[in-house]
């Protein structure tokens with residue numbers, strides 16, 4: 001089998017969401033490869049130094065492109081010229097001329113990370129909303145099979161887009177516990193010195209945009225701090241690249257009465273992120289919508305409990321169906337209520353340890369190795385007739 005993979009998002013040095021999924025999944029897939037498979041990783045620039053050595057049957061193909069439209073134009077042309085048996089798109093939309101769904105000798109497979117743009121369109125820039133809708137419709141129309149990163153995302157696809165659930169495979173994200181573990185105390189001290197942090201900070205790590213409800217995060221923290229009065233040592237660290245609505249969020253931080261205790265530090269490296277997790281009193285994410293929710297698992301692996309918005313993806317990832325809460329949950333809608341729960345989270349060390357213990361138990365349920373095996377199973381069998389599907393009309 002000749003397998004072509006869009007690895008452009010996986011090759012970003014500062015990865016969030018889909019890029020992290022693609023990088024971790026592909027590196028795990030390398031360990032499960034067969035010598036009879038020719039795998040081609042297509043990127044816009046040479047593979048960066050974080051990639052492991054490629055297996056002998058894996059090749060890197062760099063397709064430089066000076067303007068926007070790498071997937072739609074440059075990768076598109078490559079797939080027409082060198083048509084693979086299977087094309088896999090783990091992080092973005094698919095090209096116009098990707099192998100079509102009804103082609104019995106070639107197939108396209110893609111991963112859907114979330115469809116928040118359908119549920120909460122106001123939280124996306126108009127151009128991004130149109131792009132993501134177009135990408136999803138292309139996947140539904142052309143792909144022989146789809147992956148979803150959670151049961152929640154799978155259910156969203158079946159309910160909103162009327163797809164047959166048997167034709168969607170869930171391949172969740174995982175945490176590499178050899179990488180994500182408590183950082184050395186000296187690394188934590190360095191990160192505190194670098195960003196001038198106290199020993200009593202809460203952490204948010206993700207893209208800093210409207211969908212993540214960073215506005216609610218800042219408002220709730222401001223109320224929490226004001227209630228505690230002068231001399232309270234708690235701080236809030238917001239780490240991650242800017243996204244839609246960032247200028248308004250930055251202005252909100254600058255106008256906050258406790259702005260000296262809020263640190264907007266921008267994107268961080270993986271090493272810095274692990275040190276930040278380790279040093280934090282707690283991880284806080286009040287997102288309106290998630291397809292999966294990886295960061296609370298990463299925090300747990302580094303010994304840090306989480307305060308999370310009560311949304312389906314967070315519940316699926318962090319809580320057992322029979323009980324055992326791996327996080328403290330709160331509605332993301334009311335900053336005043338969030339501040340009250342935040343106070344309890346900050347003051348109750350026994351509660352934090354209890355939810356951390358449950359969260360650690362969740363870690364073993366999410367494995368890149370398992371998702372890699374499930375991905376290979378679909379990719380290797382996707383050309384057989386019983387794996388092809390016909391979506392119902394949109």
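Values in this text are rule-based calculations from the coordinates and carry no lab data. As the structure is a prediction and not an experimental result, all values here were calculated from the model. Every residue, glycine as well, gets a Cβ built from its backbone with ideal geometry; the counts of neighbours run over all protein chains shown.
Using only the Cα atoms of segment 198-246, build the gyration tensor, take square roots of its eigenvalues as a ≥ b ≥ c, and label the shape rounded, prolate or oblate: rounded if a/c is under 1.5, else prolate if a/b is larger than b/c, else oblate.
Values: a/c = 3.72, a/b = 1.81, b/c = 2.06.
Cα axes put segment 198-246 in the oblate bin.
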- prompt: Hey, what did the chain get for relative contact order, percent, Cα under 8 Å, at least 6 apart?
  reply: 17
task: Relative to the longest principal axis of the C-alpha atoms of the chain, give the angle of the C-alpha long axis of helix 185-195, reported between 0 and 90° and rounded to the nearest 10°.
output: 80
message: When a/c reaches 1.5 or more, the comparison of a/b and b/c decides; with that in mind, is the chain rounded, prolate or oblate per its Cα gyration tensor?
response: prolate
message: Explain nothing, just the number: relative contact order of segment 152-256, from Cα pairs under 8 Å at least 6 residues apart, as a whole percent.
response: 28
message: Using Cβ contacts closer than 10 Å as the measure, can you line up 318, 1 from fewest to most?
response: 1, 318
task: Rounded to the nearest Å, what's the spacing between the alpha carbon centres of segment 286-332 and segment 174-232? Just the number, please.
output: 16
field: the chain: angle of helix 349-363 to the longest principal axis, Cα-based, in degrees nearest 10
entry: 10
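Helix-only mean residue ellipticity at 222 nm, the chain, DSSP H runs n ≥ 4 weighted -39,500 (n - 2.57), per residue, nearest 500. What is it? It would help to have the intermediate numbers written out before the result.
Working: 14 runs with 153 residues, N = 394.
That calculation yields -11500 deg cm²/dmol at 222 nm.
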- line: Helix 126-142 sits off the longest principal axis of the Cα atoms of the chain, rounded to the nearest 10 on a 0 to 90 degree scale, by 40
statement: Counting only DSSP beta bridges fully inside the chain, the antiparallel percentage to nearest 5 is 0
field: Shape of segment 185-363, Cα gyration tensor, a/c cut at 1.5
entry: rounded
message: Just to be sure I understand: with springs between alpha-carbon atoms less than 10 Å apart, which residue in 209, 184, 114 has the highest mean-square fluctuation in the Gaussian network model of the chain?
response: 184
- request: Starting with the highest mean, order 128-137, 344-353 by the number of other Cβ atoms within 10 Å, averaged over the residues of each peptide.
  value: 128-137, 344-353
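Take every DSSP beta bridge whose two residues both sit in segment 185-363, then give the antiparallel share in percent to the nearest 5.
Working: 1 of 19 bridges.
Taking every DSSP beta bridge with both residues in segment 185-363, the antiparallel ones total about 5 percent.
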